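Enquirer: Below are the structure tokens for one structure; questions will follow.
Coordinate-derived values only; no laboratory data. All values derive from a computational prediction rather than experimental measurement. A quick note on method: Cβ atoms are made from the backbone with ideal geometry, for glycine too, and the neighbour counts reach across all protein chains shown.
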Amino acid sequence: MTVTRFAPSPTGWIHIGNLRAALFNYAIARQQGGTFILRLDDTDPVRSKEEYVEGLKEDLAWLGLTWDREERQSLRTDRYEAAKARLVEAGRVYECFETPTELDLKRKKQLSMGKPPVYDRSALKLSEEEKAKLRAERPSHWRFLLDPGRIEWEDGILGPISIDAESVSDPVIQKEDGQWLYTFASSVDDSEMAVTDIVRGADHVTNTATQIQIIRALGAEPPKFAHHSLLTGPQGEGLSKRLGTLSLRDLRGQGVEPMAVLSLMARLGSSDPVELRSSVREVVDGFRLDSFGAAPTKFDAEDLWPLTQRALAAKPVEAVAPVLREAGVPEELHAAFWAVLHENVAKASDIADWWRVLSQGGVGVVAEEDREFVGQALADLGEPPYGPGTWGEWTNGLKSATGRKGKGLFQPLRRLVTGRDAGPDMGALMPLLQVRPSLKVEA
């Protein structure tokens, strides 16, 4: 049975980069009828916060990504202790006593000699008497002893990967204060939860090498791994400084539609074209892991807006009824309002803007050279309610009286009624007007 997991650290709001891992693992599980686990990597008691846990659940629910079970690493520390004890007994985990300052000096010395900054395993040379003396002086941390040789796997995106274990430091699995490190806790969880497939960012490749050995040392078979490329800005620049503005929470607040996000992120960086999907199921069905490449993936948040507009335009009136009600559109006008305006709404908040135009008026902005013409037009227009023929009768009368035609006739009138240069068919819009237009003059 296919088992995947999304394992975020609840130390901040989930951002667009995190979503790729969530979506890819979700799609794989759903395609295979398997299990998708939401596993909270909350072993850092200082930075992990419950508000971030609730926030990421809200964001996933907004996108329609559901999970089959939830796990918290903070509730599994006994499992990590038991696994550590087994590996200590097997000689694969050992105690170390260097302080952060001492380790930093070692790294600098190795670099100055042109050597890779790999831990020298000096702790393995300590006698029991020396260890006992050090324990009385300072806290210790624990490392996993890597086997020599190359660590190899067939990556689902990157292809064959081979890493020399001797080029990597034995990973710390438990800090001096008892906190469990990601590399170890995740390996124990992946083993005990029978995770079969893991997709995550390319920055985890070295972690994967060490975790493959840890998982095997625990007596389990490593999952299939795939590492997606990292996102960059539209010019290839790093996104690290911008991710705070690219949280799903912020995108949702700006009015981006969830299907716009899913449709873009399910194809961005792949050989398949981005296509707007109407449901999460369609996104899942069209997902192909083998279509993704290793090259950095350019992401431009502006690409979400055309998709958002198309996603909104495709919605039936029933789907937008709550937004229509909140905007104040009377129930009896819902169908007519949406039929006229659905293709002119860039985001849901535009609905309220359009209803203010129709119900309150006072938005007409007209160039000075059109002032006299518009004044005559206003004089010729009666009070609402207006009918389907009002626009044609009004413009035909003005055309005969003034000789204006084309853009010179229609554009000032559109701006008078809506305050905009483009929009829906005016003949269809006029019956929705609740007040007579009024005029402002550009400075």
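Enquirer: Which loop trypsin sites (Lys or Arg not before Pro) in segment 303-405, with loop taken from DSSP, have no more than 13 other Cβ atoms within 10 angstrom of their Cβ? Intermediate values should be presented prior to the final figure.
Expert: Details: sites: Arg310, Arg325, Lys347, Arg356, Arg371, Lys399, Arg404, Lys405; in loops: Lys347, Arg404, Lys405.
In loop regions of segment 303-405 (DSSP not H, G, I, E or B), the sparsely surrounded trypsin sites (Lys or Arg not before Pro) are Lys405.
Enquirer: So, with +1 on the Cβ of K and R and -1 on the Cβ of D and E, and no other charges, what is the size of the charge dipole of segment 317-441 about its Cα centre, to the nearest 20 debye?
Expert: Dipole about the Cα centre, nearest 20: 360 debye.
Enquirer: Name the residues whose placed amide hydrogens come within less than 5 Å of the amide hydrogen of Ile173, ignoring near sequence neighbours (fewer than 5 apart) on the same chain.
Expert: HN-HN under 5 Å from Ile173: Trp142, Arg143, Phe144.
Enquirer: Between Thr66 and Leu145, what is the FRET efficiency for a Förster distance of 45 Å, r being their Cβ-Cβ separation, to the nearest 0.05?
Expert: 0.65
Enquirer: Using the structure shown, list the pairs from Lys125/Lys175; Lys57/Lys315; Lys315/Lys347; Lys84/Lys175; Lys131/Lys175; Lys84/Lys125 with a Cα-Cα distance above 22 Å, or answer none.
Expert: Pairs exceeding 22 Å: Lys57/Lys315.
Enquirer: What is the local net charge at Asp59, summed over the other residues whose Cβ is closer than 9 Å to its Cβ (Lys, Arg +1; Asp, Glu -1)?
Expert: Result for the local shell: +2.
Enquirer: By what distance, in whole Å, do the Cα atoms of the chain stretch along each of the three principal axes, largest value first?
Expert: So the extents along the principal axes, rounded to whole Å, are 106, 47, 38.
Enquirer: Under a Cβ-only charge scheme (Lys and Arg +1, Asp and Glu -1), can you give me the dipole magnitude of the chain about the Cα centre, in debye to the nearest 20? List each step's numbers first, then the result.
Expert: Values: 55 positive and 66 negative charges, 105 e Å.
Dipole of the chain, to the nearest 20 debye: 500 debye.
Enquirer: OK, next. On a 0 to 90 degree scale, rounded to 10, what angle separates helix 406-418 from the longest Cα axis of the chain?
Expert: 70 degrees
Enquirer: Let me ask another. Quick check: Cα centre of segment 1-76 to Cα centre of segment 88-163, how many Å?
Expert: Result: 30 Å between the Cα centres.
Enquirer: Which whole-number percentage describes the relative contact order of the chain, with Cα contacts under 8 Å and a sequence gap of 6 or more?
Expert: 13 percent
Enquirer: Suppose we flag GluC sites (Glu not before Pro) only when DSSP calls them loop and at most 15 other Cβ atoms lie within 10 Å. Which is the longest uninterrupted stretch of the chain?
Expert: 1-175
Enquirer: Moving to a separate point now. Which of Leu75, Leu239, Leu56 moves the most in a Gaussian network model of the chain with Cα springs under 10 Å?
Expert: Looking only at Leu75, Leu239, Leu56, the largest GNM fluctuation is found for Leu75.
Enquirer: Follow-up. Between segment 194-237 and segment 367-409, what is the separation of their alpha carbon centroids in Å?
Expert: If we compute the Cα centre of each part, the gap is 66 Å.
Enquirer: Taking the Cβ of Arg69 as the centre, find all other residues whose Cβ is under 14 Å away and add up their charges (Lys, Arg: +1; Asp, Glu: -1).
Expert: Net charge around Arg69: 0.
Enquirer: OK, next. Non-local amide H neighbours of Val3 (under 5 Å, H modeled in plane, Pro and chain starts lacking H): which ones?
Expert: Those qualifying (amide H under 5 Å, at least 5 residues apart or on another chain) are Thr35, Thr196, Asp197.
Enquirer: By how many degrees, 0 to 90 and rounded to 10, does the Cα axis of helix 50-63 deviate from the longest principal axis of the chain?
Expert: Value to nearest ten degrees: 50.
Enquirer: Sticking with this one: Report the local net charge at Gly159: Lys and Arg +1, Asp and Glu -1, summed over other residues whose C-beta lies under 14 Å from its C-beta.
Expert: Around Gly159, the surrounding residues sum to -3.
Enquirer: Can you list residues from other chains, or at least 5 along the same chain, whose modelled amide H is less than 5 Å from the amide H of Glu71?
Expert: Leu38, Arg39, Leu40
Enquirer: Using only Cα atoms and rounding to the nearest 10 degrees, what angle (0 to 90) does helix 350-360 make with the longest principal axis of the chain?
Expert: Tilt of helix 350-360: around 30 degrees.
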